[in-house]
Amino acid sequence: MLFPCLCGLGSLVSSQTPKPCCLGSPIVCERQRVCSTDVWLSDPQYPGAEAMVLTAIRGELVVIPVEWSWLTLSRVLFSRQEVMKWNGWGYSDSRFLFNKKGQAEFTGRRYRLSGMVLPSLKDWFESTFGASLQHKSPATVSSMCATLNASAVPFPSLNEAFLQDLKSTGIPFSHEAEDRVFRAHGHCLHEIFALREGKFGRVPDLVVWPNCHEDVVKTVDLACRHNVCLIPYGGGTSVSSALECPPDETRCIVSLDTSQMSRILWIDEKNLTAHVEAGIVGQDLERLLNESGYCTGHEPDSMEFSSLGGWVATRASGMKKNVYGNIEDLVVHIKMVCPRGVVEKSCQGPRVSIGPDIHHFIMGSEGTLGVVTEVTIKIRPMPEYQKYGSVVFPNFEQGVACLREVAKQRCAPASIRLMDNAQFQFGHALKPQVSSIFTSFLDGLKKFYITKFKGFDPHHLCVATLLFEGDRERVLQHEKQVYDIAAKFGGLAAGEDNGQRGYMLTFVIAYLRDLGMDYYVIGESFETSVPWDRVLDLCRNVKERIVRECRERGVQFPPLATCRVTQTYDAGACVYFYFAFNYRGLADPVNIYGRVEHAAREEILANGGSLSHHHGVGKLRKHWMPESISDVGIGMLKSVKEYVDPDNIFGSRNLL
Amino acid sequence: MASNTLYSPRDPALKKRDDFEDILEERRSSSDLRYALRCYVPVVYKGIAPCKPGVLKTAVLQSDRLRHVVAEMSKETGESADVIREEASGILEEMAHRLRLGTVRFFAYSLSKAFKALFQRVRVNEDGIQRLQQSIQEHPVVLLPSHRSYMDFLIMSYILYTYDLSLPVIAAGMDFLGMKIVGEMLRMSGAFFIRRSFGGDKLYWAVFSEYVKTMLRNGYAPIEFFLEGTRSRTCKSLTPKLGLLNIVMEPFFKGEVFDVSLVPISISYERVLEEALYARELLGVPKPKESTSGLLKARKILSEDYGSIHVYFGHPVSLRSLAQGRINRSQYNLLPRHIPRRPSQETQAFVNETAYRLVRLQEENMVLRPWVLVAALLLQNPDGVDMERLVEQTSWLRGLAVSFGAFLDWPDYVSASKAVASSLALHTGLVRTEGGRAQLAMEPKEPGSPEEDLFDRAASVLSCASYRNQILHVFLRPALLGMAMQMAEASRKDDIYSCFSFLRDVFSNEFILCPGGTVQDFDEACYMLTKCAAVHVQKQEVVATEKGQRILSFLTSLFQPFLKGYQVVCRFLCEDAPEGFPESEYVAAVRSFAVKRILSGELTCYEALSSDVQKNALAALLRMKVVRKLKVGDQVTLRVNKVAANTLENKLGGRVSTQKALLARL
């Protein structure tokens, strides 16, 4: 039996095949490197082996039942770096690469796209960015399994008194370099780029894993007593520099990892609520609720990794908010531990008029006020039926007009997104190899119908992807209503498959960035929300600004600047941009990237867009806070911070 | 990017300018008919084919902005919305252009014929055309030509047609519509007509601004209008009008377009067609109403030689780069964009400053013929000058002008004597050369009453002055410094600066002086005069050098007529103006006052008779609060602060030494 080895250097030899009870021997590949991995067993020799997962904890091989797979297992799994990349996005086993034939492949087995060959990605990649497979820019400290070079990580400056007291509480902690570096960053471009270069700035000095609310209370209490800086860590998917340690922080910085608090404490079927610990990761929450026939319906694109507490702290938004609502609509009750004490409401009334809602101090506080430990969240019965769909429009303007009409009639499906032409082509480049001549024939026919018969210009047309949810009959009825509206704006139904692929794109896009970074292409996404009447102007101006800024800053190749409308509201929409460019010939690409992104954000603000729709402010965007919420607004937030956390224990310095 | 051309390079003489191509050359050697009927496929904005004029009208009438204004007016007046909408539609009908290729081709044909008869050459900088072509594809373009003659917009369209560029839509005054067929033909060649004044008419303003903005947003065609608002009768640039500039900038401020390219265009005539007309008009002979028969009568001008025309397409200026750091566009975030509102003060200041900059860019690229130098010298020697001396002086002045950055069309191989001779030959109507002396033609052809003679003389002085005026912008700043030095009677830099600032303030209606740019102008003047070694600038002092006397005295006497003109106005206000006299009588009253003084020999400056100077002086006095306007019934009367007027006159005449207290009061 052969397992692929994820260090990419070899494969696991068959003699290493574990027995279900086998614990303790490290997985070593033929290159004699320790590979930690997470492989599904599918060997028919083992009855029921599909239900078992082979995994490794710190190089130790473990086989466990599937329902324990690592994220539920995170309670015993302190070190996520075993399954996740430390210098890139997502699972270690899932990545894009160009194989020997020059074709793109997506490795692993976790996604629909996993293990597939994507024949057109290379051409798209090379023509869009002017990149070439010959020009590689591998990470200097790359190799997926290899641990980072611990000696390069700054030595922890520990607060001994705090450490002594912490030991006495029995809360697990670590000051190993790996653990600390892993929690020193989110996924901003500059953060990942620095990691790939093997550069580490200020990293936390200590990581603690409280197991429950009381543990957090103890930790915060100790932190206050010993003047230690705390930075809460949930899923680590921040894209606002919120997890970055302030470089001039002289106190001991403790990363408070909530991953061990991932239990569903109770489900209340009468009121349709669940009380959940805040460290639970999105996909676990959803899976565990599904087992009882429920769901939250909150599906941000990062839901595989981001945590409930993180959603609350950043005012997250989910793809299906049209049915389920954003986090502020979903949350019924929050418990947060602050230096001043624990803040929570005394009842679970569905709506209250008791002064300004204290939840709104907590939501969006981005770890500056305390740690969210427990949340009561609304749940819904799982939808009986789900259906994807897509609509092709002759141009982006028509598409936006259609979305606006859908929002006006308040008949938006669970999700409706409109990709612009560049993104449509991007999506097309991710089409896997078709298995039969028949499918390719059908594709050709479809293309002919749309471009030749209907006269859509392939360089202007754009696609809306749809997701309907509910009981079957109503979904079909709803579908018809939406397609009828679309038809009024020249939209043509373009099939379920296109729709589904559109959503898949959002899950794999972050992996694609890692691929780009191997070939001199850097990029990121950013988002905003904007009134309906300014959507088109904002999209056009921001894209043009990006192109212009790149040119003025000496970027040698035209950048990719593309957007999609991802959410509709009564009074406006959320717009999401991807921006990437080929940085060959630039001395300081990250700096230039940052400047262009800064200019793009200024353009957004000048065009009536908001500072952020759901990514949050962090440290990356706090520069614009005063102009966004006025000086008095800043004063309000400051005074809250002052009262709740006078000694700046939660010293991430986000937001303000 | 295009914007960095806005700041003049430190050394004006090193300014790099494009070469010219004569577009008539080809016309003289090939068929005009074939030219008029050739395939015309202009490049368009972002490759979008422009819509039909009819579609455009509907878009305007159904725009949010117009609907909003109609609803608001209907609420205010109680009139039904339909009636108001009908009215709006009527306004639009009257205003809108109906661009048709057929008419354009007709013009292409007939103008070819006319231009060949009138002009020796029509010269265009082709590099500028190429830049324009690039701009048209990228951003909406606004063409801003200088305005000296009715020919301006015909020439513009003709050139754009010749180079296969999209034809502009042109904002024209309603008075053209008075010309029966021609008005409609202009309409069909892209002109749209606006009333001269519609201050309070909300509906008119809404229709008009929406019409222009819709064309701009859609990239329908380049929009052309004259910053100066009307033809300059004096050949010096007029202070810019801001209405249309405000309108074309708004779509950018509100994020409706990414950028707008503003293209300053300088059209310079060797002889303006309306030359004789203008001088008469300035002296109070009213301008003939535009009429078709008038145009036909003007046919006789076809037999005269009007020399060459130079058209210089300046670098497109990116509005976005200009506004960078000046305009906070998020101020438009909180009000729906179709609701009209008064621009903020910072916006107004920005628009104003930009307008001045653009006019200066027009001025900078105006081509000057040697005759302009000759005219300036002749005016300073009303009793005539020896030919030899004239040639020597012209040659000297040429050097000075070039070092100040003038755009002289005087190639090196042409000697000064030749240049002077050919200049005089082209303008025989204005100069008399007898016995080796050149003199302005001042003697009336047939003697009449002393007053008639005086007007005849004044007419030829003003005609001549209109040529001299073309070069004033080159010398303006150094001359103001020269006058300030004279006025301050001391060499302390602070004193000179305050005099400079005072003069600049007085003349800011007369010349193109960007508001708020005093320090910059002062530095520029010091730099230029230092460069030609006329003054010596030290930390505390500005001292004239020996060598500088000639330059300084030339500069001060160049601007003397304006100083005199303003003094006359002040004197009139002190002595002759009755308490609270109506504004409408102002020009005639000043004129007759000046005539009396000339006849009595107290005044020798004929330019004081120019209504242009008189009006600018009044505007300056109003601004300086020496005169106030009072509305009595329907009449606007003027109330004069005689003490202030007297002080001002003395100060301009250099009769009072500078005192800070006095300055403060002014």
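The values are calculated or read from the model by the stated rules, or taken from the named source; none is laboratory data. The structure presented is a predicted model; accordingly, all values stated were derived computationally and were not measured. Cβ coordinates were reconstructed from backbone atoms using ideal geometry, including for glycine residues, and neighbour counts include every protein chain displayed. For accessibility, only protein heavy atoms count, side chains too; no ligands or nucleic acids. Shrake-Rupley method; radii C 1.70, N 1.55, O 1.52, S 1.80 Å.
Listed here are the residues, each with its yes/no results for (1) touching a helix residue (DSSP H, G or I) at 6+ places or on another chain (Cβ under 6 Å); (2) open to solvent by 40 Å² or more (accessible area, probe 1.4 Å); (3) at negative phi.
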{"position": "B:75", "(1), (2), (3)": "no, yes, yes"}
{"position": "B:85", "(1), (2), (3)": "yes, yes, yes"}
{"position": "B:111", "(1), (2), (3)": "yes, no, yes"}
{"position": "B:133", "(1), (2), (3)": "no, yes, yes"}
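Conditions (1) closer than 25 Å to residue A:261 by Cβ; (2) surrounded by fewer than 20 Cβ atoms within 10 Å (Cβ to Cβ); (3) in contact with a Lys or Arg (Cβ under 6 Å, 6 or more places away or on another chain); (4) at pLDDT 95 or above, marked per residue:
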position: A:151; (1), (2), (3), (4): no, yes, no, no
position: A:160; (1), (2), (3), (4): no, yes, no, no
position: A:170; (1), (2), (3), (4): yes, yes, no, no
position: A:180; (1), (2), (3), (4): yes, no, no, no
position: A:189; (1), (2), (3), (4): no, no, no, no
position: A:192; (1), (2), (3), (4): no, no, no, no
position: A:198; (1), (2), (3), (4): no, yes, no, no
position: A:201; (1), (2), (3), (4): no, yes, no, no
Of all residues making up region A:580-616, the number that are touching a Ser or Thr at 6+ places or on another chain (Cβ under 8 Å), more than 14 Å from every other protein chain (Cβ to nearest Cβ) and among the small types (Gly, Ala, Ser): 2
Filter result for the condition that a residue is under 28 Å from residue B:373 (Cβ atoms), in contact (Cβ under 8 Å) with a residue 40 or more places away in the chain and in contact with a strand residue (DSSP E or B) (Cβ under 8 Å, 6 or more places away or on another chain), over B:617, B:645, B:534, B:608: B:534
Any hit, region B:572-583, residues being more than 23 Å from residue B:281 (Cα to Cα), assigned by TED's automatic domain parsing to the domain that holds residue B:619, open to solvent by 10 Å² or more (accessible area, probe 1.4 Å) and in a helix (DSSP H, G or I): yes
Sole residue being small (Gly, Ala, Ser) and open to solvent by 30 Å² or more (accessible area, probe 1.4 Å), chosen from B:553, B:610: B:553
Residues of region B:253-271 satisfying the condition of being within 13 Å of another protein chain (Cβ to nearest Cβ) and not charged (D, E, K, R): B:253, B:255, B:257, B:258, B:260
Matching residues, region B:604-629, being hydrophobic (A, V, I, L, M, F, W, C) and not in a helix (DSSP H, G or I): B:605, B:624, B:626, B:627
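Residue by residue, here is whether (1) part of a helix (DSSP H, G or I); (2) among the small types (Gly, Ala, Ser); (3) surrounded by 20 or more Cβ atoms within 10 Å (Cβ to Cβ) holds:
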site	(1), (2), (3)
A:481	yes, no, no
A:499	yes, yes, yes
A:504	yes, no, no
A:507	yes, no, no
A:511	yes, no, yes
A:515	yes, no, no
A:523	no, yes, yes
A:530	no, no, yes
A:535	yes, no, yes
Cβ pairs under 8 Å, 6+ apart, first in region B:342-365 and over 19 Å from residue B:313 (Cβ atoms), second open to solvent by 10 Å² or more (accessible area, probe 1.4 Å) and hydroxyl-bearing (Ser, Thr, Tyr): B:356/B:239
Criterion (in a helix (DSSP H, G or I), under 27 Å from residue B:130 (Cβ atoms), open to solvent by less than 70 Å² (accessible area, probe 1.4 Å) and aliphatic (A, V, I, L, M)) met by exactly one of B:36, B:59, B:71: B:36
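Residues checked against (1) open to solvent by less than 10 Å² (accessible area, probe 1.4 Å); (2) in the same structural domain as residue B:59 (by TED's automatic domain parsing); (3) closer than 30 Å to residue B:278 by Cα; (4) not polar (S, T, N, Q):
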residue: B:154; (1), (2), (3), (4): no, yes, yes, yes
residue: B:157; (1), (2), (3), (4): no, yes, yes, no
residue: B:165; (1), (2), (3), (4): yes, yes, no, yes
residue: B:168; (1), (2), (3), (4): yes, yes, yes, yes
Which numbered condition residue A:459 misses (of (1) within 14 Å of chain B (Cβ to nearest Cβ); (2) modelled with pLDDT of 90 or more): (2)
Among residues of region B:261-279, those that are modelled with pLDDT of 95 or more and open to solvent by 30 Å² or more (accessible area, probe 1.4 Å), counted: 0
Scope region A:512-567; condition under 30 Å from residue A:99 (Cα atoms) and within 14 Å of chain B (Cβ to nearest Cβ); matching residues: A:561
Scan of region A:548-569 for residues that are assigned to a strand (DSSP E or B) and not hydroxyl-bearing (Ser, Thr, Tyr), ordered by number: A:560, A:561, A:563, A:564, A:565, A:567
Test for residue A:642: is it surrounded by fewer than 18 Cβ atoms within 10 Å (Cβ to Cβ), more than 20 Å from residue A:242 (Cα to Cα) and without any contact (Cβ under 8 Å) to a residue 40 or more places away in the chain: no
Residue count, region B:237-260 (criterion: touching a residue at least 60 places away in the same chain (Cβ under 8 Å) and open to solvent by less than 10 Å² (accessible area, probe 1.4 Å)): 12
Cβ-Cβ under 8 Å pairs, at least 6 apart or on other chains, region B:117-130 side not assigned by TED's automatic domain parsing to the domain that holds residue B:165, far side open to solvent by 10 Å² or more (accessible area, probe 1.4 Å) and of a type in the set (Gly, Ala, Ser): none
Subset of region A:296-315 that is of a type in the set (A, V, I, L, M, F, W, C) and at pLDDT 95 or above - its residue that is farthest from residue A:369 (Cα to Cα): A:308
Count of residues meeting criterion [under 23 Å from residue A:251 (Cα atoms), part of a helix (DSSP H, G or I) and among the charged types (D, E, K, R)] in region A:622-650: 4
Set A:625, A:636: member being at pLDDT 95 or above and either of a type in the set (S, T, N, Q) or open to solvent by 60 Å² or more (accessible area, probe 1.4 Å) (or both): A:636
Every residue from region A:340-392 that is aliphatic (A, V, I, L, M) and exposed (fewer than 14 other Cβ atoms within 10 Å of the Cβ): A:352, A:354
Region B:324-352 - residue that is of a type in the set (Lys, Arg) and assigned to a loop (DSSP other than H, G, I, E, B) and, of those, nearest to the other protein chains (Cβ to nearest Cβ): B:337
Within region A:208-293, strands (runs of 3 or more DSSP E) holding 1 or more residues that are under 26 Å from residue A:615 (Cα atoms), open to solvent by 50 Å² or more (accessible area, probe 1.4 Å) and not aliphatic (A, V, I, L, M): none
Selection within region B:303-323 - within 14 Å of chain A (Cβ to nearest Cβ) and not small (Gly, Ala, Ser): B:319, B:320
